[in-house]
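Asks: I have a structure here, written as structure tokens, and I will follow up with some questions on it.
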Amino acid sequence: MAFGLIGRVVGTKPSRLSTAARLIPARWTSTGSEAQSKASSGGGGANLKTFQIYRWNPDNPGKPELQDYKIDLKDCGPMVLDALIKIKNEMDPSLTFRRSCREGICGSCAMNIDGCNGLACLTKIESGSKETTITPLPHMFVIKDLVVDMTNFYNQYKSIEPWLKRKNPASVPGKEILQSKKDRAKLDGMYECILCACCSTSCPSYWWNPESYLGPAALLHANRWISDSRDEYTKERLEAIDDEFKLYRCHTILNCARACPKGLNPGKQITHIKQLQQSG
Amino acid sequence: MGASKLSGMQKQVLSLYRGFLRAARSKPTEDRKRIEMIVSTEFRHNSKEVDRKNFQYIEYLLRLGTKQLDQLKSPDIVSLSSVKVVASKT
């Protein structure tokens with residue numbers, strides 16, 4: 001396991017920041033074992049914070065409830081995901097949530113923290129004694145605790161056919177389809193999407209029509225393929241989403257741009273599609 | 001006797017049950033009986049145990065059932081099987 005990690009660090013080049021991407025500072029966070037040895041030196045005066053977490057168990061179904069957990073912030077990493085893992089390890093192993101990369105690239109830990117959608121691994125725990133409320137993504141069916149049913153979201157992504165479609169083969173057969181730097185720059189702000197569903201689940205229009213409206217994430221990806229100069233099915237793609245419900249449920253509420261943990265602006269991409277529909 | 005109007009949720013449950021039985025018809029005979037038995041015991045058990053007003057749980061079971069039905073409908077799937085898990089007291 002360590003082998004693979006070392007290989008990855010050596011191989012990466014310093015990334016060029018695109019205008020859309022936010023700077024996410026890297027941090028050496030203490031692991032649980034190291035933190036506990038620090039705790040003994042901390043002594044008294046623990047910095048307790050209460051987390052109210054949405055709980056619902058399908059095996060003992062009743063009403064969903066907010067359960068309180070107190071965490072000593074001195075013993076815990078800075079992010080909400082650190083707190084959740086600490087609760088699961090030490091206090092309540094039955095707490096269920098999705099997580100994978102812990103660095104904001106996989107999109108698994110998307111949840112609603114203090115009313116705002118975001119990734120748990122990127123949201124810092126707010127210092128101070130106010131309670132933090134953690135609930136699953138709003139208006140999504142809950143499978144257990146903080147885990148929601150994402151199948152509708154993924155089906156909508158699948159429905160826009162997010163792959164390169166060409167009518168003619170490549171100009172040099174067997175080689176890459178070439179693209180100028182300017183054309184590649186058109187995809188910036190769209191390719192970074194990690195499909196965390198924070199934007200779609202923050203859109204009130206998506207709340208009221210989840211089955212018919214595609215949602216900001218799927219439409220962002222639709223624009224990514226429409227704007228790709230290598231793709232030859234632009235007209236067909238535009239016609240496929242030129243629908244009262246699929247596209248025009250967007251009323252530029254722009255909650256999506258606020259919620260995106262990667263700093264993308266789905267609303268802007270949707271406006272671009274609408275403009276293309278108008279002109280085309 | 002007065003016609004008892006079924007609520008929307010009850011109709012969904014019944015249509016899911018019907019869907020399972022129809023899917024079972026397309027499978028070979030022995031598996032068909034097993035599927036029908038598993039599905040009918042599950043539905044009857046839930047109808048007795050689950051509170052009629054517990055909408056969240058019923059909707060959860062409906063979604064779970066619909067996903068399982070979609071899997072069952074595929075021609076590659078041959079049969080259903082179920083295991084009873086009893087929590088040990090030790």
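The values are calculated or read from the model by the stated rules, or taken from the named source; none is laboratory data. Since the structure is predicted, the reported quantities are computational estimates derived from the model, not experimental observations. Virtual Cβ from ideal backbone geometry, glycine too; neighbours counted across all protein chains shown.
Asks: Quick one: in region B:59-78, of everything that is in contact with an Asp or Glu (Cβ under 9 Å, 6 or more places away or on another chain) and in contact (Cβ under 8 Å) with a residue 40 or more places away in the chain, which residue is farthest from the other protein chains (Cβ to nearest Cβ)?
Replies: B:Val78
Asks: Hey, another quick one. What are the residues in region A:33-83 that are modelled with pLDDT under 90 and within 16 Å of A:Ser94 (Cβ to Cβ), if any?
Replies: A:Asp59, A:Asn60, A:Pro61, A:Gly62
Asks: Within region A:228-280, which helices (runs of 4 or more DSSP H) (wholly inside it) include 3 or more residues that are in contact with a Leu (Cβ under 9 Å, 6 or more places away or on another chain) and crowded, with 18+ Cβ neighbours inside 10 Å? Write out each step before concluding.
Replies: Numbers: elements: A:234-241, A:255-259, A:266-279.
Answer list for region A:228-280: A:266-279.
Asks: Here's another thing I want to ask about it. Kindly indicate the residue of region A:96-113 that is among the aliphatic types (A, V, I, L, M) and surrounded by 17 or more Cβ atoms within 10 Å (Cβ to Cβ) and also farthest from the other protein chains (Cβ to nearest Cβ) among those meeting that condition. Spell out how you get there, then give the answer.
Replies: The initial filter retains those residues of region A:96-113 that are among the aliphatic types (A, V, I, L, M), namely A:105, A:110-111, A:113.
Adding the requirement that they be surrounded by 17 or more Cβ atoms within 10 Å (Cβ to Cβ) leaves A:110-111, A:113.
Details: A:Ala110: 20, A:Met111: 18, A:Ile113: 22 Å.
Here the residue is A:Ile113.
Asks: Considering each residue of region A:104-121, count those that are over 15 Å from A:Val147 (Cβ atoms) and either touching an Asp or Glu at 6+ places or on another chain (Cβ under 8 Å) or free of Cβ contacts under 8 Å to residues at least 60 places away in the same chain (or both), and give that number.
Replies: Adding up the residues that qualify gives 4.
Asks: Another question, if that's okay. Taking region A:114-144 on its own, how many of its residues are within 14 Å of another protein chain (Cβ to nearest Cβ), at negative phi and part of a loop (DSSP other than H, G, I, E, B)? Let's see the steps before the verdict.
Replies: Within region A:114-144, the first condition is being within 14 Å of another protein chain (Cβ to nearest Cβ), and the residues that meet it are A:136, A:139-144.
Right, trim to at negative phi and you get A:136, A:140-144.
With part of a loop (DSSP other than H, G, I, E, B) added as a condition, the list becomes A:136, A:140-141.
The total comes to 3.
Asks: Just a yes or no: is a residue in region A:65-86 touching a Lys or Arg at 6+ places or on another chain (Cβ under 9 Å) and within 27 Å of B:Asn46 (Cα to Cα)?
Replies: yes
Asks: Would you check which residues across region A:132-170 are touching an Asp or Glu at 6+ places or on another chain (Cβ under 8 Å) and of a type in the set (D, E, K, R) and list them?
Replies: Of everything in region A:132-170, those that are touching an Asp or Glu at 6+ places or on another chain (Cβ under 8 Å) and of a type in the set (D, E, K, R) turn out to be A:Lys165, A:Arg166, A:Lys167.
Asks: Oh, and also: Check region B:41-55 and report whether any residue there is under 21 Å from A:Gly62 (Cβ atoms), within 14 Å of chain A (Cβ to nearest Cβ), of a type in the set (Phe, Trp, Tyr) and within 16 Å of the chain's Cα centre (by Cα).
Replies: No, that holds for no residue.
Asks: Looking at (1) modelled with pLDDT of 90 or more; (2) touching a helix residue (DSSP H, G or I) at 6+ places or on another chain (Cβ under 6 Å); (3) aliphatic (A, V, I, L, M), which one does B:Leu80 not meet, given that it meets all the others?
Replies: (1)
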